[in-house]
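In what follows, a single structure is set out as structure tokens and then discussed.
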Amino acid sequence: MHLSSNPRLGQGLPAPRQAAKPVERAATQPKNPLHGLTLEAIVAQLAAHYGWPGLAQRIAIRCFEVDPSVASSLKFLRKTPWARDKVEGLYLFMLREIRRARPKGDPAAEAPNGSGIPVATAAVVGD
């Protein structure tokens, strides 16, 4: 630990920490269907596909059962990692169901983001 000699910080106090350098990530994740999607888009697509009662049957959490809405679901899912994992897993399952149901050669089945959903319907997060 480096002790600061700055009189404004006081003698013997540790020097302020340097900000960590950002980790460089790959620009794209072509095999990750969740890449670039917001949690809001995922919940909205699940609710549109299964309906709130169907969603509550598949994932038994109160925000899908009692007075369900995208806003209340987001509030709960952002605070609860295990529930978010279940929602993301169901979303991936839904994508596989959709992809299997489409005939081969359908251009929407070969969407650029690999999700099987045309890009125009998927909400994408900007950089």
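Values quoted throughout were computed directly from the atomic coordinates according to the rules given, and no laboratory measurement underlies them. Quick caveat, the model's predicted, so the values are computed rather than measured. With ideal geometry, Cβ positions are generated from the backbone for all residues, glycine too; neighbour counts draw on all protein chains shown.
Laid out as a table, the results:
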{"item": "Principal axis box of the range 30-101, alpha-carbon based, largest edge first, Å", "result": "34, 24, 17"}
{"item": "Peptides 51-64, 75-88 ordered by average Cβ neighbours within 10 Å, highest first", "result": "51-64, 75-88"}
